[in-house]
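Below is one structure. I have some questions about it.
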Amino acid sequence: MFALESRFYRLCEIVFRMLVLNLLFLVVSFPIITFPAALRAVVDAYEHPEAKLLKPFLKNSKSALLKTLPLGVFNLFSFLCGLSLWRSATLTNSLFFSFMTIIFLTFLLSYNINLYVMQSKMQDRQNLFDLFRSSFFFTMMHYHKGIGILVLAAIGYFFTWQSAPGIFYLFCLSGPLYFYQKVLHLKRVDQS
């Protein structure tokens, strides 16, 4: 049970990586402008699992700072758009409009996450227009796979935010992102 090849050891290793990556993400993204670079560094850490976490994470977040600033601006505008849409959905009494708003917001969240995943997979070889386009088509094709992770993460956030905020802060980003990448099981995309 406690051997290095056992499932229990592998599970403990995954949970430890999630915990450390989430704490690194929270520390690095404390100045809000570094949020996109920290998110990209978490994606890269899951993409290239190494024994060490701190130095590669800091190196990846530093190198991704300028590359991810346009994505961060896009994330900010999509967050504001989603917030506005959510407020208007709560003001109406239409169940259909509320349902469609939830579908659109989960698509928007998935699209924003896929921007970082695709940028990591393409190893920064795409211009921004191609990145936005390929991420949009990727999100359209794989939305049905990622929606379950997003819904489970939302349910988990709902229950842990109130009752166990410590667990929320320890796994709020790295846990769902780990499972999101595992569900989509993306292969490295090589572009000529």
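The values are calculated or read from the model by the stated rules, or taken from the named source; none is laboratory data. If you're wondering where the values come from, they're calculated on a predicted model, not measured in any experiment. Because the Cβ atoms are built from the backbone with ideal geometry, glycine has one as well, and the counts that use them run over all protein chains shown. Heads up: the accessible areas ignore ligands, DNA and RNA and are worked out on the full protein's heavy atoms, side chains in. Shrake-Rupley method; radii C 1.70, N 1.55, O 1.52, S 1.80 Å.
Considering each of PHE137, PHE107, PHE132 in turn, give the residue that is open to solvent by 30 Å² or more (accessible area, probe 1.4 Å), free of Cβ contacts under 8 Å to residues at least 12 places away in the same chain and part of a helix (DSSP H, G or I).
Matching residue, one of PHE137, PHE107, PHE132: PHE137.
Give me the residue from segment 179-192 that is surrounded by 14 or more Cβ atoms within 10 Å (Cβ to Cβ) and farther than 22 Å from ASP124 by Cβ and, out of that set, modelled with the highest pLDDT.
PHE179
Taking segment 73-97 as the region of interest, how many residues are among the hydroxyl-bearing types (Ser, Thr, Tyr) and in a helix (DSSP H, G or I)?
Going through segment 73-97 one residue at a time, the tally reaches 4.
One line per residue, one yes/no per condition, for (1) at pLDDT 85 or above; (2) in contact with a His (Cβ under 8 Å, 6 or more places away or on another chain); (3) within 23 Å of VAL183 (Cβ to Cβ):
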position: THR34; (1), (2), (3): yes, no, no
position: GLU50; (1), (2), (3): no, no, yes
position: LEU66; (1), (2), (3): yes, no, no
position: ASN75; (1), (2), (3): yes, no, yes
position: SER94; (1), (2), (3): no, no, no
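Step by step: first the residues of segment 140-172, then only those that are within 19 Å of GLU47 (Cα to Cα) and open to solvent by 40 Å² or more (accessible area, probe 1.4 Å), then the one that is modelled with the highest pLDDT. Which residue is that?
Restricting to residues being within 19 Å of GLU47 (Cα to Cα) and open to solvent by 40 Å² or more (accessible area, probe 1.4 Å), the top hit is HIS142.
Among the residues in segment 116-125, are any open to solvent by 80 Å² or more (accessible area, probe 1.4 Å) and modelled with pLDDT under 90?
Looking through segment 116-125, at least one residue is open to solvent by 80 Å² or more (accessible area, probe 1.4 Å) and modelled with pLDDT under 90.
Then there is this: Restricting to segment 80-102, name every residue that is hydroxyl-bearing (Ser, Thr, Tyr), open to solvent by 60 Å² or more (accessible area, probe 1.4 Å) and under 25 Å from the mean Cα position of the chain (by Cα).
Once the filter is applied, which keeps residues that are hydroxyl-bearing (Ser, Thr, Tyr), open to solvent by 60 Å² or more (accessible area, probe 1.4 Å) and under 25 Å from the mean Cα position of the chain (by Cα), segment 80-102 yields only SER84.
Tell me, which residue of segment 59-75 that is farther than 17 Å from LEU173 by Cβ and of a type outside the set (D, E, K, R) is most open to solvent (accessible area, probe 1.4 Å)?
Here the answer is LEU66.
Only one of these is assigned to a helix (DSSP H, G or I), within 13 Å of ASN22 (Cβ to Cβ), of a type outside the set (S, T, N, Q) and touching a helix residue (DSSP H, G or I) at 6+ places or on another chain (Cβ under 6 Å): ILE167, ILE149. Name it.
Being assigned to a helix (DSSP H, G or I), within 13 Å of ASN22 (Cβ to Cβ), of a type outside the set (S, T, N, Q) and touching a helix residue (DSSP H, G or I) at 6+ places or on another chain (Cβ under 6 Å) holds for just one of ILE167, ILE149, which is ILE167.
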